[in-house]
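Step one of this worksheet: look at the structure below.
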Amino acid sequence: MTRPAPVIWGSARAHEILGAAETLIEERLRKIVGTSRPWTPDDYDRATRQLHEEGLFDTATIVPKLLRELTIIK
């Protein structure tokens with residue numbers, strides 16, 4: 001029997017953190033890859049590497065902030 005997935009509740013601040021990260025990623029993808037064609041897995045990989053190299057999307061910074069704002073209910 002499969003265990004049900006936990007429910008994760010995020011505070012308003014958690015949604016702000018995720019929204020800001022999402023906006024940053026989308027803006028950078030548009031700048032790095034462009035908008036003239038659908039993005040490929042290689043485009044996502046290249047953009048991810050570039051974001052990491054530039055320090056713009058640092059999970060070591062974002063994840064600790066986010067985790068404090070989440071409640072996991074089993």
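Please treat every number below as a calculation from the coordinates, not as lab data. Quantities reported herein were computed from a predicted structural model and do not represent experimental measurements. Reconstructed Cβ throughout: ideal geometry from the backbone, glycine too, with neighbour counts over all protein chains shown.
Here are a few things to note about the model shown:
- Nonlocal amide H pairs with Leu56, under 5 Å, H built at 1.01 Å: none
- Positive minus negative residues near Glu69 (Lys, Arg vs Asp, Glu; Cβ under 12 Å): +2
- When the charge dipole of the chain is built from unit charges on Cβ atoms (+1 for Lys and Arg, -1 for Asp and Glu) and taken about the Cα centre, the candidate among Thr71, Ile17, Leu29 whose Cα reaches farthest toward its positive end is Thr71.
- The string of couplings for the range 47-61 from the Karplus curve (6.51, -1.76, 1.60, θ = phi - 60°) is 5, 4, 4, 5, 4, 5, 4, 7, x, 7, 10, 9, 5, 5, 8 Hz, one whole number per residue in order, with x for Gly and Pro.
- Around the Cα centre of the range 1-52, unit charges on the Cβ atoms of Lys, Arg, Asp and Glu (plus for the first two, minus for the last two) sum to a dipole of about 60 debye.
- Relative contact order (%) - criterion: Cα under 8 Å, at least six apart; region: the chain: 63
- Relative to the 2.2 N^0.38 Å rule of thumb, the chain has a C-alpha radius of gyration ratio of 1.37.
- Each residue of the range 29-35 was assigned a 3J(HN,Hα) from its phi angle through the Karplus expression (A = 6.51, B = -1.76, C = 1.60, θ = phi - 60°), giving 4, 4, 6, 6, 9, x, 10 Hz with x at Gly and Pro.
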